[in-house]
1. Counting C-alpha atoms alone, how compact is the range 25-80: give Rg to one decimal and Dmax as a whole number, in angstrom.
2. Working from the alpha-carbon coordinates of the chain, get Rg over Rh, Rh being the Kirkwood radius.
3. Amide H of Phe125 versus every other amide H placed in the peptide plane: which residues, excluding those fewer than 5 positions away on the same chain, fall under 5 Å?
4. Once fully extended, how much extra length lies between Asp63 and His105, figured as 0.36 nm per residue of separation less the alpha-carbon to alpha-carbon distance?
5. From the backbone phi of the range 59-64, what are the Karplus-calculated ³J(HN,Hα) couplings (6.51 cos²θ - 1.76 cosθ + 1.60, θ = phi - 60°) in whole Hz, Gly and Pro given as x?
6. Counting other Cβ atoms within 10 Å of each Cβ, which trypsin sites (Lys or Arg not before Pro) in the range 30-132 have at most 16 and sit in a DSSP loop?
7. Would you mind working out the magnitude of the charge dipole of the range 62-132 relative to its Cα centre, with +1 at each Lys and Arg C-beta and -1 at each Asp and Glu C-beta, to the nearest 20 Debye?
8. Using modelled backbone amide H atoms (1.01 Å from N, in-plane), which distant-in-sequence or interchain residues come within less than 5 Å of Phe66's amide H?
Amino acid sequence: MRATFETLNRSDLSPFRRDSAGLNLQISILNRATSASIVTARFYHPGRSASSPVYVCVWVVGDSVFGCAGGKAQGYGYHKRSAALATALDAMGVTLSEPISGIGHGAMVAALKAIARAVAPSQRFITFEAQP
């Protein structure tokens, strides 16, 4: 998968950010040499039912780029995390070579790694995932 962007947009994250009780998953792509975060996505699922909305906040930080955006997906019967992430990346101005919306966890990780490669092509990365 490849990620491209002209510039990264910065959006207000307050509509997407939820309290820590709703934090469901964090995926970070880190610079292997410095442990600095290049890309971080935090997923929130504050509801208790399967049809409750999923929110995501994404930050991309590089030497010459910074972007942040949020996304939301609701309903049921598909992978809402990847749908929310696709919405956030689109809002940030990232174009992916393959669709990820509703596809699953592997597609999300591949997309975040592709963004890290686009931001810092000469670096090596570590993928860090945390769930409360």
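1. Final numbers for Rg and Dmax: 14.0, 41 Å.
2. My calculation of the ratio gives 0.95.
3. Answer set, sorted by chain and number: Arg32.
4. Net length gain for the segment: 12.4 nm.
5. After applying 6.51 cos²θ - 1.76 cosθ + 1.60, I find 10, 10, 10, x, 4, 10 Hz.
6. Here the sparse-neighbourhood loop sites are Arg32, Arg48, Arg124.
7. Result for the range 62-132 is approximately 120 debye, rounded to the nearest 20.
8. Answer set, sorted by chain and number: Leu8.
We did not get these values from a lab; they are worked out from the coordinates using the rules stated. Owing to the predicted nature of the structure, the values given are computational and were not obtained by experimental measurement. No Cβ is skipped: glycine too gets one built from the backbone with ideal geometry, and neighbour counts run over all protein chains shown.
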